[in-house]
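Following: one structure in structure tokens, then a few remarks.
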Amino acid sequence: MRTPFRALLALIVLTLSLGAAAQSFPELDQLEAKLGIRPDQKRQYDVTIAATKRALIAAGLAAVQMKDDIAKEMAKKDPDYVMLVFRQKALLEQQKPLFEEAGREWEKLFKQLDDRQLRVAKGWLHENLGRYFP
């Protein structure tokens, strides 16, 4: 019983983390100005930001679903921790392709940036979304 409960606690922490990131869209509007995006970079920048927002919104929705699932299960007389852990893992796996897509778009953008822009972009990404885009 201890292992499923620990896994449940880890999922709760992850849920809170995903929800917080999804709500903030950390300084995305300011990033474009900091980078000094040129017209030839604008299209890829927009595609990258859109993919990032989709991933964060999906993560936020998953966090809400996880929170609801946890609340419902914990309200039961005998919560099924194992089932809850599997359900939460499945929700997280559904988000994975969106983060992978966003990561690919960031890589495409990185190829278009000059050295200064690249340092700024990677620093911003690491500071604001590093746990999602290592």
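The values are calculated or read from the model by the stated rules, or taken from the named source; none is laboratory data. In this text, all values refer to a predicted model and were calculated from it rather than measured experimentally. When we count neighbours, we look across all protein chains shown, and the Cβ atoms used for this are built from the backbone with ideal geometry, even at glycine.
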Failed item in (1) of a type outside the set (A, V, I, L, M); (2) within 20 Å of G36 (Cα to Cα); (3) surrounded by 15 or more Cβ atoms within 10 Å (Cβ to Cβ), with Q95 passing the rest: (2)
Neighbours by Cβ (under 9 Å, 6+ apart or cross-chain): first from the stretch 27-42, in contact (Cβ under 8 Å) with a residue 60 or more places away in the chain and exposed (fewer than 13 other Cβ atoms within 10 Å of the Cβ); second of a type outside the set (K, R) and assigned to a helix (DSSP H, G or I): G36/Q117; G36/V120; D40/Q112
Exclusive hit being modelled with pLDDT of 90 or more, surrounded by fewer than 18 Cβ atoms within 10 Å (Cβ to Cβ), β-branched (V, I, T) and assigned to a helix (DSSP H, G or I), set V47, V82: V47
Hey, K67 modelled with pLDDT under 85 and part of a helix (DSSP H, G or I) or not: yes
Condition met for W106 (of a type in the set (F, W, Y), touching a Pro at 6+ places or on another chain (Cβ under 9 Å) and either part of a helix (DSSP H, G or I) or in contact (Cβ under 8 Å) with a residue 12 or more places away in the chain (or both)): no
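From the list A62, A55, pick out the single residue that is buried (at least 16 other Cβ atoms within 10 Å of the Cβ) and in contact with a Ser or Thr (Cβ under 9 Å, 6 or more places away or on another chain). Before the answer, list the steps.
Details: A55 fails: in contact with a Ser or Thr (Cβ under 9 Å, 6 or more places away or on another chain).
From the options A62, A55, the qualifying one is A62.
Would you pick out the residues in the stretch 109-134 that are basic (K, R) and assigned to a helix (DSSP H, G or I)?
K111, R116, R119, K122, listed by residue number.
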